[in-house]
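> Can you read through this structure? Questions will come right after.
The values are calculated or read from the model by the stated rules, or taken from the named source; none is laboratory data. No experiment lies behind these values; they were computed from the predicted model shown. Here the Cβ is made from the backbone with ideal geometry for all residues, glycine too, and neighbour counts use every protein chain on show.
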């Protein structure tokens with residue numbers, strides 16, 4: 001008494017067999033270094049002009065981008 005929906009095969013869920021096509025590992029190290037440098041320069045400018053909250057946030061983001069450079 002199984003209906004057609006009970007006999008249908010389910011697709012496997014999860015990432016593709018070859019891995020994800022794009023992610024932190026897919027971006028070259030030069031792009032991460034450039035991004036962290038740009039963020040740090042903007043953070044220094046903001047901190048120099050007394051925007052402490054946004055400046056501190058950009059420092060944290062610069063360090064987060066630089067983490068991707070660690071092997």
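> Within the bounds of the stretch 11-19, is there any residue that is exposed (fewer than 13 other Cβ atoms within 10 Å of the Cβ) and at pLDDT 70 or above?
Within the stretch 11-19 (the criterion being exposed (fewer than 13 other Cβ atoms within 10 Å of the Cβ) and at pLDDT 70 or above), the answer is yes, since at least one residue qualifies.
> List pairs: first in the stretch 21-43 and at negative phi and modelled with pLDDT under 95, second in a helix (DSSP H, G or I) and surrounded by 10 or more Cβ atoms within 10 Å (Cβ to Cβ), Cβ under 8 Å, 6+ apart or cross-chain?
24/68; 27/68; 29/68; 29/69; 32/65; 32/66; 32/68; 32/69
> Now for a separate question. Of (1) out of contact with any helix residue (DSSP H, G or I) (no Cβ under 6 Å at 6 or more places or on another chain); (2) modelled with pLDDT of 70 or more, residue 4 satisfies all except one. Which?
Condition (2) is where residue 4 drops out.
> What pairs come out if I take residues in the stretch 56-71 that are touching a residue at least 40 places away in the same chain (Cβ under 8 Å) and pair them with residues that are assigned to a helix (DSSP H, G or I) and surrounded by 14 or more Cβ atoms within 10 Å (Cβ to Cβ) whose C-beta lies under 8 Å away, six or more apart or interchain?
Once the first residue is touching a residue at least 40 places away in the same chain (Cβ under 8 Å) and sits in the stretch 56-71, its partners that are assigned to a helix (DSSP H, G or I) and surrounded by 14 or more Cβ atoms within 10 Å (Cβ to Cβ) give 68/32; 69/32; 69/33; 69/36.
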